[in-house]
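Undergrad: Okay, handing you the structure first.
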Amino acid sequence: MLREEPLAPDLLAIAREVLLNDLLPALPAETAFAARMVANAMAIAAREATQDDWEPAMLARMAALAGDPRAFAAAIREGRFDPGTPGHKEAAALLDELTRARCAVSAPKALGKG
Amino acid sequence: MDEARRARLTGWLRAASGDPALAIEGMTLLSGGAIQQNWTLDVSGGRSWVLRTDNAATLAVSHGRAEEFALLRAAFAAGVTVPEPLFLCEDAAVTGAPFFVMRRVTGTAAAHRVVRSETLGGGREACVRALGRELARIHAITPPRADLAFLGTPPADPCRTFVAEQRAALDRQRIPRPVLEWGLRHLERTAPPPVPAVLVHNDFRTGNIMLDERGVTAVLDWEFSVWSDPHADLGWLCAKCWRFGNDAQEAGGIGPRAALYAGYGAVDDARVRWWELAAHVRWASIAVDQAERHISGVERNLELALTGHLVPGLEWEILRMVEARDAA
C-alpha cells in the first residue's frame, strides 16, 4: 500500500517483454544466448517475487518429523523414512510438497509433465 | 590470446611437432565450456587442430589436461571415435595454463540441434546404434592400466561406491538436500550386485558427442572418466534429464533405447535404470556445485546461477522415479 507501484513482478515482466520482443531480434547471434538467459533469470525472479512464504509451514512439519533440514536429511540417509516405516508416507508427502513449491519458481514445466 | 602468448605457443608447437617452420595462421575461441576453453588452430601446411585448455576456475572433480590427454590416447588406441591427440604441454608458462592439441574434427554437438535432427549421425536409429558401439569400445578398456593410474584403484562395488561418493559430496555442500538423500537412500536399498569395473566415460551424453550426416565424428569431454560399472554410461545417456526435451527418444533424445542396446551388445536393463536415477542425483549435485561457484563469488556468472535453478526440476524427477520404483 505504501510502496510505489509497479512492484517487482510487474517490472520484471515488462522489462522481460522489451528484452525478448525489442532487443533480442536486434542482437547479434552470439549474444542471443546470453539474452535468453537474462530473460530466464527475470522470469524466475518474477515467480519468486509473487510466491507465498511457504517455508515456515514446511519447516514446522519437518521439525515434527525429524528436526531441521539437516536432521531430516540425516534421518533419510539412516533409513528412518524407508518404505514400511511409520513416517514414510508423511516424509514422502513433505518432500513432494516442498519440491512442488521449489519447482513453481525454478522449473514450472517440470510440474506440468509430472 | 595476446601476441606474446601466441609467439610462445608457436615456438612450443615447432619443438613438439619437429617442424621448425610451423606457423599459426589462425586462432579463434571455439567454445567456452563452464570448465574448459577450446581454440581452433589453423596451422601452416593445411593442418587443422584444436587447443584445449582450462578456464579460470576448474571443478575439483574433473581431471586436468594431462589426464584428459592420457584418456584420449587410450580411447584412440581402443578404436573409440575421438580426435587424435597430438601434443601435451604441462608447462603453464607457455599460454598461462596447461593445454593439449588434438586434430580438429568437424560436426555438430549442440544438443538442441542434435535432438531435433532426423538425419544427423546417419539418422536416429543408426546414430544411437553407433553410440552403443562406441560405448562398448570404451568399456573394453579395463584396469589395471599404468597410463591411467591417476584413475585410482577400481572400486570393488561400483554402485555402492557411487552412493558413498555422492553422500560425501552432499556432506561438503553448504545446504542439506533431503530429496537427493531420498534418491541416494533408494539407490542404496536397491543397489544391484557388484560387477567388475571398466573405463566409464562418465559424461557420455548428447552435447558431448559430435555428429555429422554420416555418423559419429567424435566422443568429447573425457575429464570425468572413472573406473566403474559400464551401465553407468548407458544410464547417463538415457536419463530423462539429458534428453533435451525430446523425451520420446530415450537414448539421449536422439534415438530408441533398443537400438542403443543392440549396438552395445549385452545390456542389463534393470541396472541401466538404476543408473538413470543415479544420473539425476549426480547431475543435481553437480548443478548445486556450479551454482555455489556463483553464489560464493568464486566465479560470478549468469549461466552458473541459472544452473542452480535446474535442481528443483531434477529433484521432482527423482521423487517420481523413486515412487515408481518403490511401487513396482
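The values are calculated or read from the model by the stated rules, or taken from the named source; none is laboratory data. Source: prediction; values computed, not measured. Here the Cβ is made from the backbone with ideal geometry for all residues, glycine too, and neighbour counts use every protein chain on show. The protein model used for the area step is the full one, side chains on, heavy atoms only, and it has no ligands, DNA or RNA in it. Shrake-Rupley method; radii C 1.70, N 1.55, O 1.52, S 1.80 Å.
Undergrad: Just subtract the alpha-carbon distance of B:Ala327 and B:Arg145 from 0.36 nm times their residue separation and send over the number in nm, one decimal.
TA: Values: separation 182, 0.36 × 182 = 65.52 nm, distance 4.22 nm.
Full-extension gain reported as 61.3 nm.
Undergrad: With a/c under 1.5 counting as rounded, go ahead and sort the stretch A:8-50 into rounded, prolate or oblate using the C-alpha gyration tensor (a ≥ b ≥ c being the square roots of the eigenvalues; past the cut-off, prolate if a/b is larger than b/c, else oblate). Could the numbers behind the result be given before it?
TA: Values: a/c = 4.82, a/b = 1.92, b/c = 2.51.
Note, shape of the stretch A:8-50 comes out oblate.
Undergrad: Once the whole set of protein chains is in place, how much accessible area is left on B:Ser117, using a 1.4 Å probe, in Å² to the nearest 10?
TA: The value for B:Ser117 is about 20 Å².
Undergrad: Roughly what angle does helix B:269-295 make with the longest principal axis of chain B, taking Cα atoms, 0 to 90 degrees, to the nearest 10?
TA: Roughly 60 degrees, rounded to the nearest 10.
Undergrad: Net charge around B:Ile141, counting only other residues with Cβ within less than 13 Å of its Cβ (Lys, Arg = +1; Asp, Glu = -1)?
TA: Details: positive: B:Arg73, B:Arg137, B:Arg145; negative: B:Glu134, B:Asp147, B:Asp233.
Neighbourhood net charge equals 0.
Undergrad: May I ask for the net charge around B:Asp229, where only other residues with Cβ less than 10 Å from the Cβ of B:Asp229 are counted and Lys, Arg are +1 while Asp, Glu are -1? Mind showing how you got there, number by number?
TA: Details: positive: B:Arg271; negative: B:Asp157, B:Asp233, B:Asp268.
Computed value for this residue: -2.
Undergrad: Hey, can you list the residues from the stretch B:272-319 whose accessible area shrinks by 10 Å² or more with all protein chains present, relative to the chain by itself (probe 1.4 Å, no ligands or nucleic acids)?
TA: Buried on complex formation: B:Leu302, B:Glu303, B:Leu306, B:His309, B:Pro312, B:Gly313, B:Glu315, B:Trp316, B:Leu319.
Undergrad: Tell me, what ³J(HN,Hα) does each residue in the stretch B:162-170 have, in order and in whole Hz, if you take phi through Karplus 6.51 cos²θ - 1.76 cosθ + 1.60 with θ = phi - 60° and put x for Gly and Pro?
TA: 4, 4, 5, 5, 5, 5, 4, 5, 5
Undergrad: Per DSSP helix of 4 or more residues, -39500 (n - 2.57); summed, then divided by the residues of chain A. What does that give at 222 nm, rounded to the nearest 500?
TA: Details: 6 runs with 79 residues, N = 114.
Computed ellipticity for chain A at 222 nm equals -22000 deg cm²/dmol.
Undergrad: Also, I was wondering about something else. Restricting to Cα pairs below 8 Å that are 6+ residues apart, what does the relative contact order work out to for chain B? Please round to a whole percent. Don't jump to the answer; show the numbers that get you there.
TA: Working: 582 pairs, mean separation 53.4, N = 328.
Relative contact order of chain B: 16 percent.
Undergrad: Report the paramagnetic label zone for B:Arg137: residues of the stretch B:76-91 whose backbone N is under 15 Å from a point 7 Å from Cα along the Cα-to-Cβ axis.
TA: B:76-85
Undergrad: Explain nothing, just the number: relative contact order of the stretch A:8-50, from Cα pairs under 8 Å at least 6 residues apart, as a whole percent. Show your work: numbers first, answer last.
TA: On the way: 25 pairs, mean separation 28.3, N = 43.
Relative CO of the stretch A:8-50 lands at 66 percent.
Undergrad: Give the distance, in whole Å, between the Cα centre of the stretch B:275-315 and the Cα centre of the stretch B:106-130.
TA: 26 Å
Undergrad: Please compute, for the alpha-carbon atoms of the protein assembly as shown, the extent along each of the three principal axes and give them in descending order in Å.
TA: 74, 60, 42 Å, listed from the longest principal axis down.
Undergrad: What accessible surface, in Å², does a 1.4 Å probe find on B:Arg320, ignoring ligands, DNA and RNA and rounding to the nearest 10?
TA: 50 Å²
Undergrad: Comparing B:Val128, B:Val219, B:Val115, which has the greatest mean-square fluctuation in the GNM of chain B with Cα pairs linked when under 10 Å apart?
TA: Of B:Val128, B:Val219, B:Val115, the most mobile in the Gaussian network model is B:Val115.
Undergrad: Further question on the same structure: Rounded to the nearest whole Å², what accessible area per residue is found for the stretch A:55-113 with the 1.4 Å probe?
TA: Numbers: 3070 Å² over 59 residues.
It amounts to 52 Å² per residue over the stretch A:55-113.
Undergrad: A follow-up question, please. Any idea what angle helix A:55-65 forms with the longest principal axis of chain A, computed on alpha-carbon atoms, 0 to 90 degrees, nearest 10?
TA: Roughly 20 degrees between the two axes.
Undergrad: Please report the buried accessible area for the interface of B with A, total over both chains, probe 1.4 Å, in Å² to the nearest 100.
TA: Numbers: alone 14420 and 8490 Å², together 20330 Å².
Between B and A, the summed buried area is about 2600 Å².
Undergrad: All other residues with a Cβ under 11 Å from the Cβ of B:Pro193 taken together, and with Lys, Arg as +1 and Asp, Glu as -1, what is their net charge?
TA: Values: positive: B:Arg160, B:Arg271; negative: B:Asp157, B:Asp229, B:Asp268.
Once all neighbours under 11 Å are counted, the net charge is -1.
Undergrad: Any chance you could give the angle, 0 to 90 degrees and rounded to 10, that helix A:88-106 forms with the longest Cα principal axis of chain A?
TA: 10 degrees
Undergrad: Tell me the mean residue ellipticity at 222 nm calculated for chain B from its helices only (DSSP H runs of n ≥ 4, each -39500 (n - 2.57), averaged over every residue, nearest 500). If you can, show how the numbers build up before the last one.
TA: Working: 11 runs with 144 residues, N = 328.
Here the helix-only value at 222 nm equals -14000 deg cm²/dmol.
Undergrad: Post the alpha-carbon centroid distance, the stretch A:21-59 to the stretch B:3-32, in whole angstrom.
TA: 41 Å
Undergrad: Continuing with this model, one more query. In what order, largest first, do B:Asp42, B:Asp221, A:Asp68 sit by accessible area if the probe radius is 1.4 Å? All intermediate terms of the calculation are to be shown ahead of the outcome.
TA: On the way: B:Asp42 55, B:Asp221 35, A:Asp68 90 Å².
Of B:Asp42, B:Asp221, A:Asp68, the descending order of accessible area is A:Asp68, B:Asp42, B:Asp221.
Undergrad: Rounded, prolate or oblate: which fits the stretch B:3-103, taking a ≥ b ≥ c as square roots of the Cα gyration tensor eigenvalues, rounded meaning a/c under 1.5, else prolate when a/b beats b/c? Mind dumping the intermediate values first?
TA: Working: a/c = 1.67, a/b = 1.21, b/c = 1.38.
Oblate is the answer for the stretch B:3-103, as a/c is 1.5 or above yet b/c matches or exceeds a/b.
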